[in-house]
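Here the structure comes first, spelled out in structure tokens, and everything after it is commentary.
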Amino acid sequence: MIENIYKYSPLREDFFDNLLVRGSQKFSLNDPFELTPAGSMRNSGDEDKCINSYFDYSVFSVSETHNNLLMWSHYADEHKGIVIEFDPSKPIFERYFHKDVKAYNFLSQIKDGGTETIDEGVISCFDHEIAIDVKESKKRRDINTGFLHRVRYNRNRPVIDQYENILEHFLIKSDEWIYEKEHRVILPLFDADTIVVHECHLDRLYDATMQGMNIKFQEMEDDMYLLHIDDILMEDMLHFFPEAMPYKENKSKNEFKSLSDFWKDSTYSQNLREISKDPRTVFLYKVSPKAIKSVYIGCRTEKQDVENFIKKIEGNASLQHVDIYKASASSERFELSFEPIFRLS
């Protein structure tokens with residue numbers, strides 16, 4: 001297992017209040033070749049499958065190194081940002097992910113690949129309407145959301161004929177990017193804790209839920225809105241499936257996660273695909289404070305920003321174990337050195 005993993009980022013003080021990070025959807029990735037396979041999708045007959053796979057997920061990118069000068073310039077606000085070190089032995093995200101994924105779907109929507117009867121607890125009384133979609137379940141297990149995967153660098157783009165190995169399409173990049181030593185976590189769009197959208201998309205999201213007008217939102221600059229929609233979706237689901245409540249309360253995580261995924265997928269995913277096409281849309285996921293080991297502050301960060309940053313760490317009880325380092329530029333070599341400036345533990 002890799003020992004250290006790092007996230008380059010601008011210095012956002014609110015990160016240490018809400019611990020939210022961005023997962024980048026296809027249309028916001030900085031490489032135009034990403035998730036665009038070789039060959040013509042129109043001629044392959046697999047366009048729908050690509051839409052349902054490429055467009056349903058976001059990518060959280062991290063690196064094996066914290067001292068790459070190019071990455072400090074490109075991703076950490078020209079050395080005025082930070083690098084967050086995560087412990088790869090711990091789950092990075094607060095949300096629960098599991099590898100034994102079962103994709104539920106309405107029987108009328110399962111076109112090929114076979115089905116399995118649902119005979120487990122919370123879902124069993126609905127087996128005349130929904131079933132386990134075998135093909136979709138395999139695809140989701142292959143993608144293995146919520147876990148780290150090493151990016152592979154290649155001169156050739158993945159081809160549509162290799163669709164069954166769908167995870168490769170999220171992990172293969174041009175070898176021009178090899179210096180990044182990237183790893184990725186693939187995350188479902190419908191698992192985002194918070195979404196930032198332009199006001200032109202609000203009606204679409206309101207219409208996706210029974211209680212759309214109860215969605216909590218925060219108005220931001222440039223006609224953008226920060227929305228908390230997940231709780232509303234769960235209330236909708238429990239209204240239709242009250243049998244799920246004991247599993248939620250008793251923490252039968254696998255069953256409840258599969259059911260909530262089914263509900264969000266059937267009522268919500270198409271709307272997310274549409275708003276994800278707007279690169280202004282931001283999908284935010286909460287990271288686990290236990291997974292954060294340390295933070296490295298850029299060599300160009302203003303003194304006042306550093307002081308404010310340290311106060312944020314001090315004021316968050318869940319981050320008292322985090323060490324803070326300050327970068328400085330070598331006077332002789334093209335490299336950075338890091339000195340500890342704050343340690344609570």
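Every number in this text was worked out from the coordinates using simple rules, so none of it is lab data. The shown structure was predicted, so the numbers you read here are calculated from the model rather than taken from an experiment. So basically every Cβ, Gly included, is an ideal-geometry build from the backbone, and we count neighbours across all protein chains shown.
Taking all Cα pairs closer than 8 Å and separated by 6 or more residues, the relative contact order of the chain comes to 25 percent. Stretch residue 144-residue 159 to full length: gain in nm at 0.36 nm per residue minus the Cα-Cα span? Result for the pair: 3.4 nm of gain on full extension.
Please give the length that would be gained between residue 65 and residue 30 if that part of the chain were fully extended, namely 0.36 nm times their separation in residues minus their C-alpha to C-alpha distance (nm, one decimal). Working shown, then result.
On the way: separation 35, 0.36 × 35 = 12.60 nm, distance 1.98 nm.
Additional length available on full extension: 10.6 nm.
Considering only 59, 82, 25, the residue lying farthest towards the positive end of the dipole of the chain is 82, judged by Cα position with unit charges set on Cβ. Once both labels are positioned 7 Å from their Cα atoms along Cα-to-Cβ, the gap between residue 239 and residue 308 label points is 4.1 nm.
Mean-square fluctuations from a GNM of the chain, with a 10 angstrom spring cutoff on Cα atoms, peak among 27, 241, 334 at 334. The simple spin-label model puts a point 7 Å past each Cα toward its Cβ; for residue 98 and residue 177 those points are separated by 3.2 nm. Which entries in 257/311; 90/181; 90/311; 139/326 show an alpha-carbon gap greater than 31 Å? Flagged as over cut-off: 257/311; 139/326. Of all beta bridges that DSSP places with both ends in the chain, some 85 percent have antiparallel geometry. Taking the fewest neighbouring Cβ atoms within 10 Å as the starting point, the ordered list for 227, 238, 259 is 238, 227, 259. Which of these, 13, 116, 168, has the largest mean-square fluctuation under a Gaussian network model of the chain (Cα springs below 10 Å)? Of the options given, 116 has the highest mean-square fluctuation. Taken over the chain, the alpha-carbon convex hull comes to 156 cubic angstrom per residue.
For 299, 200, which order do you get if you count the other beta carbons within 10 Å of each Cβ and list the fewest first?
200, 299
Here's the picture: charge each Lys and Arg Cβ at +1 and each Asp and Glu Cβ at -1 in the chain, and of 71, 331, 108 the one pushed furthest to the positive end of that dipole is 331. Each residue, residue 78 and residue 129, gets one label point 7 Å from its Cα in the Cβ direction; the gap between the two is 5.6 nm.
Sorted ascending by nearby beta carbons within 10 Å, beginning with the fewest, 74, 79 become 74, 79. Hey, which aspartates and glutamates would be in cross-link range of residue 286, C-alpha to C-alpha under 19 Å, not counting anything within fewer than 8 residues on its own chain? Straight-distance partners of residue 286: 13, 14, 17, 56, 85, 87, 94, 191, 193, 230, 231, 261.
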